[in-house]
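Every read-out reported here was derived from the displayed coordinates using simple, explicitly stated rules and does not represent laboratory data. Just so you know, these numbers come straight off a predicted model, no measurement behind them. Positions of Cβ are backbone-derived with ideal geometry, glycine not excepted, and every protein chain shown enters the neighbour counts.
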Amino acid sequence: MRRERNERARRAAGIALAVALTATAAGCGSAAQTPVSETWDDLFGTVVTVSLYDKMSEKEAGAVLAAIRARGEVIQNTMTAHSPGSEIGAVRAAGGQTPVPVSEDTYGLLTLALEVAALSGGAFDPTVEPLVALWGIGTETAAVPAEADIARARALVDYRRVTLDGAGRTAYLPETGMGLDLGGIAKGYAADEANRLLDEADVAHAILDFGGNVVLRGGHPEGKPWRVGIRKPVLGEDGYACVVSLRDGAVVTSGGYERYFVAADGAVYHHIMDPATGRPAETGLLSATIVCDNSTRADALSTACFVLGLDGALALLDALDGVEGVLIASDRTIHTTPGLADVFAVADERYVWVNAP
Ligand code: AMP
Ligand code: MG
């Protein structure tokens, strides 16, 4: 638990540094503009930082930040598997018995989650909850389960068995013990919703970072694109492996380093499950980053790509329009999709961009 908190704190500090560097680099002799920025460490089990770069009064900025936070809380409370009274929890509790009416938010997000599940052949699967609960990675009780328990939990994971009914806006799981976990997509949705609130408030320049789900808005006020660092995914290494420069869009990373536990024998088990094996995904990828215009989709796809491994991820990304990716393998090689060639740069010489143009 302590290690997890340290990791999160480090990540938050890292992103802040990237933003500061961008701001001063764009300065051209004038004083760099400092953002109005707030960081919360009690949403989605991660660190959320919202930075607004428009010139606005403290009162205006405060209202925008409060609205973003309130929206994030609603999303967390309805969609987090373990919030008491969450809709997702209610659907689980009624598994094998009855469909449960859910909010528009939850229904829409489940629909999108099932879409990405189908696209990825179940590598991303919102019914992964029994496996997540069994392993308990990130909780005090994390432990390597018995094989029989893994097999039992795995048999309950299958996105094709979820029934969504648009007429009554209900969700149904056909078997007791099945459950939903939107942890691989909810932060991305919260970031998109925050971005929508910035549309409504006419904020032109901002960076939203929902625990590694980054949404960029409008580029830096002084004209340069934002630069987003992609963390070195090797445990124990700090800083960035590479950087993506963009004015607008979502940059979302899934990595085994984000949440994990170390067993007595030194083996490391992280939080992204491979539904095919019932264990943390071991495909040779250390992180998968998706770049596209929608952070919800990017979030689900980053988790999917991490589980699919390099070849499967490249094949999936190749089939999707407007979706790019950065895949970092355990030998510190970096693979990018063609659309990133002009906006991508390596930041540490130990990492090798194997398909550099
Ligand atoms: P992310 O950091 O977006 O990759 O999401 C990881 C989180 O998604 C985990 O902490 C779980 O809550 C959940 N999760 C784990 N494995 C999967 C999977 N194969 N498909 C969908 N969600 C998953
Ligand atoms: Mg994700």
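Helix-only mean residue ellipticity at 222 nm, the chain, DSSP H runs n ≥ 4 weighted -39,500 (n - 2.57), per residue, nearest 500. What is it?
Calculated mean residue ellipticity at 222 nm is -11500 deg cm²/dmol.
Which order results if LYS224, LYS187 are arranged by neighbouring Cβ count within 10 Å, fewest first?
Lowest to highest Cβ neighbour count: LYS224, LYS187.
Would you order VAL48, VAL128 from fewest to most other beta-carbon atoms within 10 Å of each residue's own beta-carbon?
The fewest-first ordering by Cβ neighbours comes to VAL48, VAL128.
Work out, step by step, the length gained on full extension between ASP248 and ALA341: first 0.36 nm times the residue separation, then minus their alpha carbon distance; give nm to one decimal.
Roughly 31.8 nm would be gained on extension.
Sequence-distant or interchain residues sharing an amide H contact under 5 Å with ARG279, placed H: which?
Long-range HN contacts for ARG279: ASP274.
Expressed in whole Å with the largest first, what are the equivalent ellipsoid semi-axes of the chain derived from the C-alpha gyration tensor as the square root of 5 times each eigenvalue?
32, 25, 18
Can you list, bin by bin at 10 Å, the percent of alpha carbon pairs in region 140-205, starting at 0?
It works out to 15, 27, 28, 18, 10, 1, in whole percents.
Suppose we keep just the alpha-carbon trace of region 230-317; what are its Rg and Dmax in angstrom?
In Å, with Rg to one decimal and Dmax whole: 13.6, 45.
Between GLU222 and ALA143, what's the calculated FRET efficiency when r is the beta-carbon distance and R0 is 41 Å? Round to 0.05.
Taking R0 as 41 Å, the efficiency between GLU222 and ALA143 is 0.20.
Per-residue HN-Hα couplings for region 244-260, Karplus 6.51 cos²θ - 1.76 cosθ + 1.60 at θ = phi - 60°, whole Hz, x for Gly and Pro?
Rounded to whole hertz, the list is 10, 10, 8, 7, 9, x, 9, 10, 10, 10, 10, x, x, 7, 6, 7, 7.
What does the convex hull of the Cα atoms of region 135-292 come to per residue, in Å³, rounded to a whole number?
Dividing the Cα hull volume of region 135-292 by its residue count gives 160 Å³.
Nearest 0.05, what FRET efficiency do THR111 and THR277 give at R0 = 22 Å with Cβ-Cβ as r?
0.25
Dividing the convex hull volume of the Cα atoms of region 159-245 by its residue count, what figure in Å³ per residue is obtained?
160 Å³
Could you rank the peptides 52-62, 190-200 by their average count of other C-beta atoms within 10 Å per residue, with the highest value first?
Packing proxy ranking, top to bottom: 190-200, 52-62.
Pull up the cross-link candidates among the lysines for LYS232, meaning alpha carbon to alpha carbon under 30 Å and not fewer than 8 places away within one chain.
LYS187, LYS224
Using the basic label-point model (7 angstrom from Cα toward the beta carbon), what is the ASP321 to VAL262 distance in nanometres?
4.8 nm
So what is the orientation-averaged projected area of region 83-222, using the convex hull of its C-alpha atoms, in nm²?
10.9 nm²
Dividing the alpha-carbon radius of gyration of region 201-357 by 2.2 N^0.38 Å (N being the number of residues), what value is obtained?
Taking N as the residue count of region 201-357, the ratio is 1.03.
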